[in-house]
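**Student:** Right, I'll just put the structure down here and ask away after.
FYI, it's all coordinate maths here, none of it is from the lab. These numbers were taken from a predicted model, which means no experiment stands behind them. Ideal geometry is used to build each Cβ from the backbone, glycine not excepted, and the neighbour counts take in all protein chains shown.
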Amino acid sequence: MPRAGNPLAEIRFGARGEPLAVRWRDRVWPVAGEVRHWFGRWPWWKAGLPGGRGRASLVETEFWRLPVRAAAASPLRTLELCRDPRTEGWRVAKVTDGT
């Protein structure tokens, strides 16, 4: 689930909806391998959203796991990004080096 302290990122998508690159930490990271895409669900109060009349009890959050490289000779890094349900922007939820 996205947290307000997680850094912001932008995903650039291709014409068919596939992720091509991520802008993160003032750098563009091209996608360099197979991506994973899924959705998670949390109660609205855990997502930090206000309750309201007619609001469903679960909030759906979109995730992407993207292998990226800063440059062709750079080591592989995997970014797990999630769409923040409060802003609809993307946040970096997890970074893994070397996988």
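**Student:** With charges set only on the Cβ (+1 for Lys and Arg, -1 for Asp and Glu), what does the dipole of region 8-97 come to about its Cα centre, in debye to the nearest 20?
**Tutor:** For region 8-97, the charge dipole is close to 180 debye.
**Student:** Sticking with this structure for a sec: As an exercise, find the ratio Rg/Rh for region 8-97 from alpha-carbon atoms, using the Kirkwood inverse-distance average for Rh.
**Tutor:** Taking Rh as the inverse mean 1/r over Cα pairs, Rg/Rh reads 1.05.
**Student:** Report the gain in length on full extension from T96 to A70: 0.36 nm times residue separation, minus Cα-Cα distance, nm rounded to one decimal.
**Tutor:** So the extension gain works out to 8.0 nm.
**Student:** Another question about this same structure. Can you sort R23, R36 so the residue with the fewest Cβ neighbours within 10 Å comes first?
**Tutor:** Lowest to highest Cβ neighbour count: R36, R23.
**Student:** Something else about it: Could you work out how far apart the two model spin labels at R41 and R27 are, taking each label as a point 7 Å from the Cα in the direction of the beta carbon, and quote it in nm?
**Tutor:** According to this spin-label approximation, the distance is 3.8 nm.
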